[in-house]
Amino acid sequence: MSAFFGKLMQSKKNQIILFIAYVVLAGAGLFLLPDSTIAFLMLLFSILILYHLNFNLRAKWISGIVILAIIMPFIASQSDSYQTYMEVGTLVGIYCAMALGLNIVVGFAGLLDLGFIAFFAVGAYSYAIFASEQASKFMPFGHYPLPGGSFWIFIIVGAAVAALFGILLGVPVLRVRGDYLAIVTLGFGEIIRILLNNMDHPINITNGSMGIASITPPNFFGISIGSSSQFYYIVFGIFLVVIYVVRKLENSKLGRSWKAVRDNEIAAQAMGIPLVKTKLAAFAIGASFSGMMGVVFAAKQMFVDATSFTYLESTMVLVMVILGGMGSVPGVILGAGVVIILRTQVLTNISNWLSSISADYGISIPPAISPEKMQLLIFGLLLIIFALYRTQGLIPHKNRKVNVEVLKKESAEAALAREKATSGGADS
Amino acid sequence: MNILEVKNLTKNFGGLTATSDITMNVEKNSITAVIGPNGAGKTTFFNMVTAVYKPTSGDILLNGKSLVGLKPHQVSQFGITRTFQNIRLFNEMTVLENVLVGMHQNLKSHWIGTLLQLPHIRKIEEAAKVEAYDILKYVGLEDYVNENAGNLAYGAQRRLEIGRAMAAKPKILLLDEPAAGMNPKETDRLTSLIHDLRTKLDVTIILIEHDMKLVMKISDYIYVLDHGELIASGKPDEIRTNKRVIEAYLGKGAVAND
Amino acid sequence: MKLKKIIPLLAVICLLLGVIGGCSSKSGGSSGKTVIEIGSQSPLSGGSATLGDAIRLGAELAISDQKAAFEKKGFTIKLKDLDDQGDPKKGVANAQILAADKNVLALVGHLNSGVAIPSSEVYEKNSLPMVSPATTATVVTDRKLKTVNRICARDDFQGPAGANYAIKTLKAKKIFVIQDKTAYGSGLADQFRNQAKKLGADIVGYEGITVGETDFNGVLSQAMTKKPDLIYFGGVYAEGGLIIKQARQKGFDGPIMGGDGLDSSSTVQIAGDAVKGVYLTSVAGDVTKTEKGQEFAKKYKEKFGKNVESYSAYGYDAAGVILKGLMKAIDDNDGKKPTREQVTKAIRAVKDYDGVTTKVSFDDKGDNKFAKVYIYNFDQAKYPPVQKAEISQ
Amino acid sequence: MLAHIIQNLPQVLIDGLTLGVVYAVVAIGYTMVYGILELINFAHGDVFMTGAYIGATILFLLMGFGLLSSLPALIVFLIVIILAGTVTGMLGVGIERVAYRPLRRKNAPKLIALITSIGISFVLEDAVRFIAELKTGNYIITAPSMFNHKFNIDIHHVLPFFNNATFQASFLLVLVVTIIMLISLDLFVNKTKWGMAMRAVAQDRDTASLMTINVNRVISVTFFIGSALGGATGVLFMIQYGTINPYIGFILGIKAFTAAVLGGIGNIRGAMFGGVMLGLLEMFAAANLSIITNGAMGAEYKDVFAFIILILVLIFKPEGLFGKAVVEKV
């Protein structure tokens, strides 16, 4: 059996055929059984398979985007559960971007942050306040709510405001080290949440615990965006930008500075890396992803209040990062996907299924332990199992390898060029 | 011409005096050794030069400009780079990345340029990689380009640290016990590497070392510290016969019996 | 390399599972009768699970009560209960699940206004009618969505009713207000305060506490120095019970007043003897007074082994209203399964539903016209408290 | 304004002390585990909660045997607290075995243990909830009231600018028991062989194991003591506040962790001090913030106040109040 597969996987052609066959099968599965969550998950699973195949990078990206942006939404749209799937997809995208932001802080720069959700909150509130009547309660000028078209500007504004808060957090934090940082960031997250929940007096800025309702939905050339399937594309777009930025940064000068600071602060300084600037950049860039998604979240929910931004949410994002594999971009994306899909779909489905079979077969379960209540328990158990069996994360971090042959060749060429230059100089 | 001048440098930790009143002059393009028994204050001296510690009093001048009060990364940007007694590599990064980090202060690429994929930034990054590869070849690590630095053997880690420091293109290179824990063969290789460095890269080297054979072989000038004080300085031959130095190394009895 | 070999194998297994899973999800309820599901969303885990569970169980009881009536018409009705965890994200995701299930024609929910507001946007888009047993924030119905109804009283009715009673009947002049900084507690306490000020009372303090904490002595010490003659608490029993207890320990013996969040046996359980002298406003009538209510309490205890909470009755009545509307919609549709739009209209049109705690008729916003506020007083450490007054809108 | 604050002070101090000692003992659990494993044991707050439930169970069992009325309350209390502490301690050892030790053996990154501790925390909360609800129909449990005799300190008579303060007998009990626990722990850590082994492992695990110290056993003992103290505090909490629910561990855990950091994490005396200080700060803020800010900020800002103080402390003394500055050897 394994020999058969080994042969199959050797050639690229076979891989392509097999992969397309898988996607077609999974797609057909979802098409024929439109309400089957498992068929939906299978289709998503193809992305993970794609990641492990040895196609070239561009082919992987293109097929990934085609599957997520065209095939999956199209097939799902044939089903009643279309919006459910797209809602899950949207949430996964939002949290992926957030987890990637936190990954910069925790995974790259090695700064443990337990209050990361604060930046999400800041982004969400910045749109919510100005895209609802709320702003008119304290702003002396302007006409509110702002029209839905402002949403696109607010994605940038949200990112900027969150980045600013990232720097605000960073300044006091830089003096403290290691796990002291954890508590300071936790405190910062709580301070932001409490402020948002209480700033309805003396000046009503956030409407306090009543939250901000009736947020204007985004407007795209006159089309009002309201359904999950539309938000899916916005989130997908931002997600692509975020992943591009992260991938590029990871191997840039700044990315190397982060990792150097993480691995050895003193040596990093001795190599001329300014600690303060580097750490602040990590906080600011990480926070900005969160802020962007906060804006989208506020627009999607059309309502924000402080209950969405608790300490538990911060730990959930941290769980995505650590579970996926710290510093590993594909790992973190997978981590976010697994946590969100588990919590919003799979566990809900499992508990529903359990209670429906118990009802169908007349098994009476005492209400104290009915399956609906078990979601967090099962989630907790799964976390323990994952952590124990994948200690390095679901997809452990690997450093990007350079092609040594190319370097060798280029180095030889450069040497030749130098030689020529010097001998040329001697000639003249 | 003196590239580095140290004037009356003193460092107190609480009540403890780690170095007191050290004065040194380091000539450009020389190899200067700082020796002395354990606890003599050699590493403290290095730490003050690289601004890890702030001196209690005294001054450090690089080409006549004071370094006191700068941040460690600023000192590095002024052209002083070091290696560490207990190796401090970026263990989770590849060997090549370690060298690339060393090149940071000379690397004119900004992350915004990287994001925009500006062609000249890409060119700079590519060239940097080639240069880093050359450095690795120079320190004999070209076969470990993609290896994680933490996985290297001890001697190789030492050489990588030197390579990383070289990448910074320093004016002054501080080597803190570069030969510690090396076998004779590795030490020989290191000796010629250090020698080569000076001539090839036009760099001034200050090193702390316990291996006297190495010190005597390559240094132009030697300073001897004991209990935080400068007890002798001179050319290798002068130090070899200096009574106070022998006393410090072997104890008072050794000289008395002499 | 090893992983790569396993992937195709995994894929095949997944496909098989997918087929099986798909089939099993289709196979439900193939007893020849048309299935109609009533959704329910409330927090079943987390800090406010007692309340959420009470809503769910109340709804379940209502459905099992009327199962037979629907069987006669050829329908099997079922409850599809989901846990919103008091989390708006989870609520919206669940709302999508309910909206996608064409068998679900209406739902009972939510407990928290913060979850109800974003989720109801999804219901509105899918014309899925919702009857809320417990969300009192004014904004829930002020948006005038067609699908959103509630049977409980709004904050701006209950709060002022409490203030009137406190000042006119209990003669309170200096009032110290504590609230739990949630949408529910804040909304109620704000409305209470505004009305009390209007009536000329002196609000000597207005403080917030943190939900989930247990020591409120700090706030109470402050209250004691202000020497109020009434303490008002906007929040639910978990913190309320402790505040009552700790206030009495501090030597406060004046009346303490709260909203329907205190209308639970747990208030007595937590506060113990200290509960004497506590007043509360509630939208629920005294269940034990009416025959119907007693019967309900008995059935509830029999079926679930628990005592009724005030929210159980709300849940029961919310489901009752839905079933009444549903029945009407079926009849109007010649005994065929109605569409969601038809059910939405039928539920909004429900007139004079006579439930165990309240009568229900909806106005054009979806608020209950018959929502009444009752004033209760604990004269001993026993639940339920004694009814003191009845206030209609 | 100042008059109000001063009037209140005696009462605020008493209340703050009560809350503070509870924080202190739970903080010790965090600090001990942190000191030895450099792990933030997020499940510790829930271990504390489980201790409270175990205590309640034992109390109800004793009631069932009719022992509650026949024995003096203090004896019953001692039986409950010792039994509950022991059981919780064993629970802690079990958690360490299942969730942390395998990770150590696999040389996993430090942070992955955070995931298991969060997992354990969810599992404990729900497991306790199910059991309690199955047995009693409601997961909120109210303990039979004990030690509720009220005392009145007539300080107003002596110092007329203070108001009188009141407290309950349970306050004295909580105070005395925690002080006994803290002193005996301090003696244990500083004077016994096991304590020395613990300090050695905390300092350098590898070297300690070379010195024939059984590191795993020392870690087990640490978890046992930390969890037993947490569980015992749970019982004290139940007696002081009367009511417990499965979620009390969450907020209290965060607070205790904060206290541990405030005092200097890894330092037991620091944790004690940090806990008491945090309790006092919170109580003071809750009672006086709105007086100070003239109503602009009320008691709801007390956590903001506490966290800002914490951040300030850490800025000026990054290693916490009692922590030793770790100078990294370069």
Checklist outcome for this item: Here P(r) for the stretch C:247-344, Cα-Cα distances in 5 Å bins, as whole percents, is 2, 11, 15, 16, 13, 11, 11, 8, 4, 3, 3, 1, 1, 0
Item to check | Rg(Cα) / (2.2 N^0.38 Å) computed for the stretch A:81-405, rounded to two decimals | outcome: 1.05
Checklist entry - Label points 7 Å out from Cα along the Cβ direction at D:Leu159 and D:Thr207: separation in nm? => result 4.7 nm
Checklist outcome for this item: Under the 7 Å Cα-to-Cβ spin-label approximation, A:Ile365 and D:Ile5 lie apart by a distance in nanometres of 5.5 nm
Checklist entry - To the nearest 0.05, what FRET efficiency results for A:Ala21 and C:Lys33 with a Förster distance of 51 Å applied to their C-beta separation? => result 0.80
Next on the checklist: Which residue, C:Gly200, C:Gly234, C:Ser45, has the largest displacement toward the positive end of the dipole of chain C when charges sit on each Cβ (Lys, Arg +1; Asp, Glu -1)?
Outcome noted: C:Ser45
Checklist entry - Once both axes come from the Cα atoms, what is the angle between helix C:113-125 and the longest principal axis of chain C, in degrees from 0 to 90, rounded to 10? => result 30 degrees
Item to check | Semi-axis lengths (Å, descending) of the ellipsoid that matches the C-alpha gyration tensor of the stretch A:1-80 | outcome: 24, 15, 9
Checklist entry - What is the calculated FRET efficiency for A:Ile350 to B:Asn91, with r their C-beta to C-beta distance and R₀ = 51 Å, to the nearest 0.05? => result 0.75
Checklist entry - In percent, what relative contact order does the stretch A:81-405 have, based on Cα pairs under 8 Å that are 6 or more apart in sequence? => result 32 percent
Item to check | Within chain C, helix-based [θ] at 222 nm, where runs of 4 or more DSSP H residues each add -39,500 (n - 2.57), nearest 500 | outcome: -15000 deg cm²/dmol
Checklist outcome for this item: Any aspartates and glutamates whose Cα falls less than 19 Å from that of A:Lys137, other than same-chain ones fewer than 8 residues away, would be A:Asp200, A:Asp305, C:Asp142, C:Asp190
Next on the checklist: Counting only other chains, and only Cβ atoms inside 10 Å, what mean value do you get across the residues of B:68-75?
Outcome noted: 4
Checklist entry - How many partner chain Cβ atoms sit within 10 Å of a residue's Cβ in peptide C:267-277, on average, as a whole number? => result 2
Checklist entry - Sorted by packing (mean other beta-carbon atoms within 10 Å per residue), highest first, where do A:95-106, B:96-107, C:328-339 land? => result A:95-106, B:96-107, C:328-339
Item to check | Relative contact order of the stretch D:2-316, defined on C-alpha pairs under 8 angstrom at six or more residues apart (%) | outcome: 38 percent
Checklist outcome for this item: Whole-Hz Karplus couplings 3J(HN,Hα) for the stretch B:145-153, θ = phi - 60° and coefficients 6.51, -1.76, 1.60, Gly and Pro as x, run 3, 9, 6, 6, 4, x, 8, 6, 6
Checklist outcome for this item: Largest-first semi-axes in Å of the equivalent ellipsoid built from the Cα gyration tensor of chain C are 40, 25, 19
Checklist entry - Can you give the convex hull volume per residue for the Cα atoms of the protein assembly as shown, as a whole number of Å³? => result 219 Å³
Item to check | Positive minus negative residues near D:Val98 (Lys, Arg vs Asp, Glu; Cβ under 13 Å) | outcome: +3
Checklist outcome for this item: Once the dipole of the protein assembly as shown is set up from charges on Cβ (+1 Lys and Arg, -1 Asp and Glu), the residue from the list B:Thr44, C:Ser113, D:Gly279 lying farthest towards its positive end is B:Thr44
Item to check | Charged-residue dipole, Cβ positions (Lys, Arg, Asp, Glu), the protein assembly as shown about Cα centre, Debye nearest 20 | outcome: 1660 debye
Item to check | Proximal aspartates and glutamates relative to D:Lys106, as straight alpha-carbon distance under 15 Å, when same-chain residues fewer than 8 apart are discounted | outcome: D:Glu96
Checklist outcome for this item: Relative to the compact-globule estimate 2.2 N^0.38 Å (N residues), the Cα gyration radius of the stretch D:2-316 stands at a ratio of 1.04
Next on the checklist: Can you list residues from other chains, or at least 5 along the same chain, whose modelled amide H is less than 5 Å from the amide H of C:Gly39?
Outcome noted: C:Lys80, C:Leu105, C:Ala106, C:Leu107, C:Val108
Item to check | Shielding by partners - mean other protein chain Cβ count within 10 Å, residues of C:83-91 | outcome: 5
Checklist entry - Helix C:237-249 versus the longest principal axis of chain C: what is the Cα-based angle in degrees, 0 to 90, to the nearest 10? => result 20 degrees
Checklist entry - In degrees, nearest 10, range 0 to 90: what is the angle between the Cα axis of helix C:291-304 and the longest Cα principal axis of chain C? => result 60 degrees
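For the stretch B:102-256, what does the relative contact order come out to in percent, with C-alpha contacts under 8 Å and a separation of six or more?
Reported relative contact order: 15 percent.
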Checklist entry - In the neighborhood of C:Asp317, defined by Cβ-to-Cβ distances under 15 Å, what is the net charge if each Lys or Arg adds +1 and each Asp or Glu adds -1? => result -1
Checklist outcome for this item: Of the candidates D:Asn152, D:Gly16, D:Ile81, the farthest towards the positive dipole end of the stretch D:2-316 (Lys/Arg Cβ +1, Asp/Glu Cβ -1, centred on the Cα centre) is D:Ile81
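Can you give the charge dipole size of the stretch C:97-232 about its Cα centre, rounded to the nearest 20 debye, using +1 on the beta carbon of Lys and Arg and -1 on the beta carbon of Asp and Glu? Show your work: numbers first, answer last.
Details: 17 positive and 13 negative charges, 113 e Å.
Value, rounded to 20: 540 debye.
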Item to check | Sorted peptide list for C:118-127, D:251-260, criterion being average Cβ within 10 angstrom, highest first | outcome: D:251-260, C:118-127
Checklist entry - What helices does chain D hold that run 27 Å or longer along their axis, going by alpha-carbon atoms, with a Kyte-Doolittle average of 1.0 or more, using DSSP H for the helix calls? => result D:2-37, D:44-64, D:73-95, D:112-136, D:169-191, D:215-241, D:268-292
Checklist entry - Where does the charge balance sit around A:Ile369 when Lys and Arg score +1, Asp and Glu -1, over other residues with C-beta under 15 Å from its C-beta? => result -2
Item to check | Highest to lowest packing among B:4-16, B:74-86, D:291-303, scored as the average C-beta count within 10 Å | outcome: B:74-86, D:291-303, B:4-16
Checklist outcome for this item: Hydrophobic long helices for chain A, i.e. whole DSSP H runs reaching 27 angstrom or more by Cα along the axis with Kyte-Doolittle mean at least 1.6, come out as A:150-173
Next on the checklist: Take the residue pairs C:Lys168/C:Lys388; A:Lys12/A:Lys408; B:Lys169/B:Lys200; C:Lys173/C:Lys226 and return only those whose Cα atoms are more than 19 Å apart.
Outcome noted: A:Lys12/A:Lys408
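Every number here is computed from the coordinates shown, using simple stated rules; none is lab data. Given the structure is predicted, the values throughout are model-derived calculations rather than measurements. In this analysis, Cβ positions are derived from the backbone assuming ideal geometry, glycine residues included, and neighbour counts consider all displayed protein chains.
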